[in-house]
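The values are calculated or read from the model by the stated rules, or taken from the named source; none is laboratory data. As the structure is a computational prediction, the values presented were derived from the model and not from experiment. Cβ coordinates were reconstructed from backbone atoms using ideal geometry, including for glycine residues, and neighbour counts include every protein chain displayed. Accessible surface is based on the protein model in full, side chains and every heavy atom, while ligands, DNA and RNA are left aside. Shrake-Rupley method; radii C 1.70, N 1.55, O 1.52, S 1.80 Å.
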Amino acid sequence: LVFRGVVLSPEGQQYALVQRPDGSVASVRVGHYLGLNAGRIVALTPTQLNLIEIVPESRAGFVEKPQSLVSPIS
């Protein structure tokens, strides 16, 4: 997944554009889920998408892990 940027809807809602491995682009926003590890989007900035993933850990079962997708365009 590649974070491509942020757009604003006419109502002022922020959406992130994320390119999938097949080349298609999805629009997502805070609260949506993304990726294989059920990553919940918690914040958007013009250059970064922050999410919390649920990942397996041998002793604790599953743990929350912060993750970020950063725009390749500076």
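Given a 1.4 Å probe and every protein chain left where it sits, what share in percent of the accessible area of the chain is carbon and sulfur? Using a 1.4 Å probe with all protein chains present, the chain comes out at 55 percent carbon and sulfur. The packing ranking of peptides 59-67, 11-19, highest mean first, is 11-19, 59-67, where packing means the average number of other beta carbon atoms within 10 angstrom of each residue. Packing, as the average of other Cβ atoms within 10 Å across residues, places the peptides 21-27, 38-44 in the order 38-44, 21-27, highest first. Gln19 versus Ile73, label points 7 Å from Cα toward the beta carbon: distance in nm? If labels sit at Gln19 and Ile73, their model points lie 1.0 nm apart.
Extending 7 Å from the Cα toward the beta-carbon at both Val42 and Glu64 defines two label points whose distance is 0.6 nm.
By how many nm would the segment from Val55 to Val2 lengthen if fully extended, with 0.36 nm per residue of separation less the alpha-carbon distance? Intermediate values should be presented prior to the final figure.
Numbers: separation 53, 0.36 × 53 = 19.08 nm, distance 1.99 nm.
Length gained, Val55 through Val2: 17.1 nm.
Send over a whole-number figure in Å² for the accessible area per residue of segment 1-61, probe 1.4 Å.
64 Å²
At a threshold of 8 angstrom on Cα-Cα distance, excluding pairs fewer than six apart, so keeping six or more, what relative contact order does the chain reach in percent? Relative contact order here is 26 percent.
Between Glu11 and Arg29, residue separation times 0.36 nm minus the direct Cα-Cα distance comes to 5.1 nm.
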